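Below: the structure, in structure tokens.
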Amino acid sequence: MTQPVVVIDQLQKNFGSFKALKDITLTVNPGEVFGFIGPNGAGKSTTIRTLLGILQKSGGRATIFGQDVWTDAVAIHKRLAYVPGDVYLWPNLSGGEVIDLFLRLNDQAHTARTDALIQKFDLDPRKKARTYSKGNRQKVALIAAFSTDAELYIFDEPTSGLDPLMEEVFQQEVLALKAAGKSVLLSSHILSEVERMCDRIGIIRDGRIIETGTLDDMRQLSRTQVTVTTTLPLASIQSLPAVHHFDAPDAHKATFAVDSEALGSVMSALAPLGITALQSTPPTLEDLFLRYYNQEGGEADAQH
Ligand SMILES: Nc1ncnc2c1ncn2[C@@H]1O[C@H](COP(=O)(O)OP(=O)(O)OP(=O)(O)O)[C@@H](O)[C@H]1O
Ligand SMILES: [Mg+2]
């Protein structure tokens with residue numbers, strides 16, 4: 001079996017008495033785009049900065065390419081590319097010079113691919129970095145990362161300053177990495193980006209991973225909204241264990257949420273009541289994530 005590229009096992013990070021990471025456990029497999037999502041302050045950047053050896057962990061284990069992220073950081077960095085959400089550039093260098101500097105720091109050369117990326121991202125590389133907007137600073141870091149031949153690419157909210165055209169270019173480039181068998185760890189608040197590109201997702205909240213899986217897995221875990229009208233009264237449906245938030249404006253019409261895996265059995269219970277109208281709406285990605293983001297406790301609450 002191939003080894004995972006990234007292994008994080010019960011990782012903890014404290015800042016003084018504040019526990020920023022309590023229990024982060026996840027793996028990124030070769031050739032996989034892993035989406036790392038969760039509310040502001042959940043611990044995504046802290047996890048990533050620990051992976052990069054910028055922060056030292058307080059507990060648990062984290063390896064990349066089977067090597068310890070703290071003690072083997074130098075060796076690991078030769079094989080990865082990283083783009084943070086807030087890109088710092090040397091103000092007196094031009095964008096082009098910064099790109100070349102980033103590449104040299106990673107033992108990489110400026111290639112035809114670098115020029116193609118500068119074109120694609122529509123960057124004027126002659127301007128001084130200090131004159132660049134936030135989006136243009138991000139483009140500089142993205143161009144350097146995408147023209148780096150690495151095995152693992154780590155992006156921490158890399159597109160927060162990009163316009164929709166550039167967001168599309170970013171997504172195309174990530175999909176090209178994936179097609180080339182590279183591994184990607186991407187933290188993002190842009191759900192469409194996550195939906196389109198990520199093979200698996202880890203949801204982080206309050207320093208813990210509360211769910212990991214494919215989007216389809218997560219949809220399965222969630223609920224379908226049902227509105228139904230029947231000829232016989234609907235009251236008996238309310239007590240089914242898979243039915244939640246039952247709301248009946250009258251005895252023959254109700255709206256409720258059904259655990260998606262129990263949809264079949266609920267339909268079987270409805271059928272003898274004589275269905276005259278039925279509407280069922282699967283959860284949208286936003287529904288799904290809002291519920292995870294808003295939940296108070298741990299996994300026990302994940303389905304509310
Ligand atoms: N150097 C630090 N010292 C003290 N607390 C910190 C430090 N860095 C991060 N934190 C705290 O750790 C928690 C996690 O922050 P982190 O930046 O990892 O969140 P995030 O998931 O990346 O959020 P966002 O979506 O806003 O980028 C926050 O409560 C933050 O205030
Ligand atoms: Mg962050």
| query | Looking at segment 1-95, which trypsin sites (Lys or Arg not before Pro) are in a loop (DSSP not H, G, I, E or B) and have at most 14 other Cβ atoms within 10 Å? | reply | 78
| message | Spelling out what I want: for every residue of segment 98-111, take phi, set θ = phi - 60°, compute 6.51 cos²θ - 1.76 cosθ + 1.60 (Karplus), and round to whole Hz; glycine and proline get x. | response | 5, 4, 5, 5, 4, 5, 5, 4, 9, 6, 10, 10, 6, 10
| remark: So the FRET efficiency between residue 175 and residue 229, C-beta based with R0 = 45 Å and rounded to 0.05, is 0.55
| said: Which one, 214, 71, 114, has the greatest fluctuation when you compute a Gaussian network model over the chain with C-alpha springs under 10 angstrom? | reply: 71
| message | In whole Hz and in residue order, list the ³J(HN,Hα) couplings for segment 120-130 that follow from phi through the Karplus curve 6.51 cos²θ - 1.76 cosθ + 1.60, θ = phi - 60°; x for Gly and Pro. | response | 4, 7, 6, 9, 8, x, 8, 6, 5, 4, 5
| query | Given 20 °C and 1.002 mPa s, how large is the Stokes-Einstein diffusion coefficient of segment 214-298 in µm²/s, with Rh as the Kirkwood radius over Cα pairs? | reply | 159
| request: Give the dimensionless ratio obtained when the Cα radius of gyration of segment 113-227 is divided by 2.2 N^0.38 Å. | output: 1.24
| remark: With all protein chains in place and a 1.4 Å probe, residue 15 shows an accessible area in Å² (nearest 10) of 90
| query | In whole Å and largest first, what semi-axes does the C-alpha gyration tensor of the chain yield when each eigenvalue is scaled by 5 and square-rooted? | reply | 44, 22, 16
| query | If you find the alpha carbon centre of segment 238-277 and of segment 67-142, how far apart are they in angstrom? | reply | 55
| message | Show me, for segment 211-225, the HN-Hα J-couplings you get by feeding each phi into the Karplus relation (A = 6.51, B = -1.76, C = 1.60, θ = phi - 60°), rounded to Hz, glycine and proline as x. | response | 6, 9, x, 7, 4, 4, 4, 5, 5, 4, 6, 9, 10, 9, 8
| said: Taking every pair of distinct Cα atoms and averaging 1/r, then inverting, what Kirkwood hydrodynamic radius in Å comes out for segment 214-253? | reply: 11.7
| For segment 180-242, what is the convex hull (Cα atoms) projected area averaged across all directions, in square nanometres? | 7.4
| message | For a quick check of understanding: with a 1.4 angstrom probe and all protein chains in place, what accessible area in square angstrom does residue 88 have, to the nearest ten? | response | 150
| remark: Taking Cα pairs closer than 8 Å and at least 6 residues apart, the relative contact order of the chain in percent is 19
| request: Apply the Kirkwood formula to segment 1-122: the hydrodynamic radius equals the inverse of the mean of 1/r over all pairs of different alpha-carbon atoms; give it in Å with one decimal. | output: 16.4
| query | When DSSP assigns beta bridges and you keep just the ones with both residues in the chain, what percent turn out antiparallel, to the nearest 5? | reply | 65
| message | For segment 104-191, what does the accessible surface come to per residue with a 1.4 Å probe? Please give it in Å². | response | 45
| task | Express the Stokes-Einstein translational diffusion coefficient of segment 69-175 in µm² s⁻¹, to the nearest whole number, given a Kirkwood radius over alpha-carbon pairs, 37 °C and a viscosity of 0.692 mPa s. | result | 237
| remark: Spelling it out for residue 204: with amide H atoms placed in the peptide plane at 1.01 Å from N, the residues 5 or more places away or on another chain with amide H under 5 Å from its amide H are 37, 38, 210
| remark: Expressed in nanometres to one decimal, the distance between label points 7 Å along Cα→Cβ at residue 238 and residue 124 is 6.7
| task | Using the structure shown, list the pairs from 44/182; 19/44; 127/182 with a Cα-Cα distance above 25 Å, or answer none. | result | 127/182
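The values are calculated or read from the model by the stated rules, or taken from the named source; none is laboratory data. The structure presented is a predicted model; accordingly, all values stated were derived computationally and were not measured. Here Cβ is always computed from backbone atoms with ideal geometry, including for glycine, and neighbour counts include all displayed protein chains. Areas reflect the complete protein model, heavy atoms only, side chains present, ligands, DNA and RNA absent. Shrake-Rupley method; radii C 1.70, N 1.55, O 1.52, S 1.80 Å.
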